[in-house]
Amino acid sequence: MIRHAAIFRLKHPDGSEAEADFLQALASLKSIPGVGEFHISREVSPKNPFRFAVSMTFADQKAYDAYNLHPDHVAFVRDRWVPEVAEFMEHDTVALDGI
């Protein structure tokens with residue numbers, strides 16, 4: 001299983017309509033085939049400059065690759081993520097067996 005996550009900060013003001021609209025659009029990615037355990041979260045630690053996190057799981061590399069190439073994901077990244085996200089860090093992991 002692959003866990004894909006990104007923590008990010010938007011260009012929009014906190015609590016704005018633009019922020020809410022972006023998060024709604026982000027939530028639509030959970031309908032792409034192969035996406036499991038989808039969550040959008042708000043950061044609560046004052047130590048972290050990022051405001052939100054999105055995470056999802058994929059059964060395997062094939063499912064993850066299909067998601068990355070899916071037209072809805074490609075369009076979201078191009079039309080929403082790139083112009084509206086100020087800063088982000090991506091985190092893609094697999095569990096270490098036996099630990």
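The values are calculated or read from the model by the stated rules, or taken from the named source; none is laboratory data. All values reported here derive from a predicted model rather than from experimental measurement. Neighbour counts run over all protein chains shown; Cβ positions are idealised from the backbone, glycine included.
Where residues in the stretch 38-83 are assigned to a loop (DSSP other than H, G, I, E, B) and basic (Lys, Arg), which of them is nearest to Arg9 (Cα to Cα)? Result: Arg51.
Which members of the stretch 1-31 meet the condition of being aliphatic (A, V, I, L, M) and free of Cβ contacts under 8 Å to residues at least 40 places away in the same chain? If the condition is that a residue be aliphatic (A, V, I, L, M) and free of Cβ contacts under 8 Å to residues at least 40 places away in the same chain, then Ala20, Leu23, Ala27 are the ones that fit. Remark: Asp97 matches the filter, which requires a residue to be modelled with pLDDT under 95, acidic (Asp, Glu) and exposed (fewer than 13 other Cβ atoms within 10 Å of the Cβ). For the stretch 35-44, the criterion of being under 18 Å from His91 (Cβ atoms), touching an Asp or Glu at 6+ places or on another chain (Cβ under 7 Å) and buried (at least 16 other Cβ atoms within 10 Å of the Cβ) is met by no residue. Across the stretch 68-94, the number of residues qualifying as over 19 Å from Leu23 (Cβ atoms) and free of Cβ contacts under 8 Å to residues at least 60 places away in the same chain comes to 5.
For beta carbons closer than 8 Å, sequence separation of 6+ or different chains, a first residue in the stretch 53-64 that is surrounded by 19 or more Cβ atoms within 10 Å (Cβ to Cβ) and a second that is of a type in the set (Asp, Glu), the qualifying pairs are Met56/Glu37; Tyr64/Asp92.
The single condition from (1) modelled with pLDDT of 95 or more; (2) loosely packed, with under 13 Cβ neighbours inside 10 Å that Phe22 fails is (2). Hey, does the stretch 8-16 have a residue that's assigned to a helix (DSSP H, G or I) and either buried (at least 17 other Cβ atoms within 10 Å of the Cβ) or of a type in the set (A, V, I, L, M) (or both)? Taking every residue of the stretch 8-16 in turn, none turns out to be assigned to a helix (DSSP H, G or I) and either buried (at least 17 other Cβ atoms within 10 Å of the Cβ) or of a type in the set (A, V, I, L, M) (or both). For the stretch 73-83, a residue qualifies if it is among the charged types (D, E, K, R) and surrounded by 13 or more Cβ atoms within 10 Å (Cβ to Cβ), and exactly one does: Arg80.
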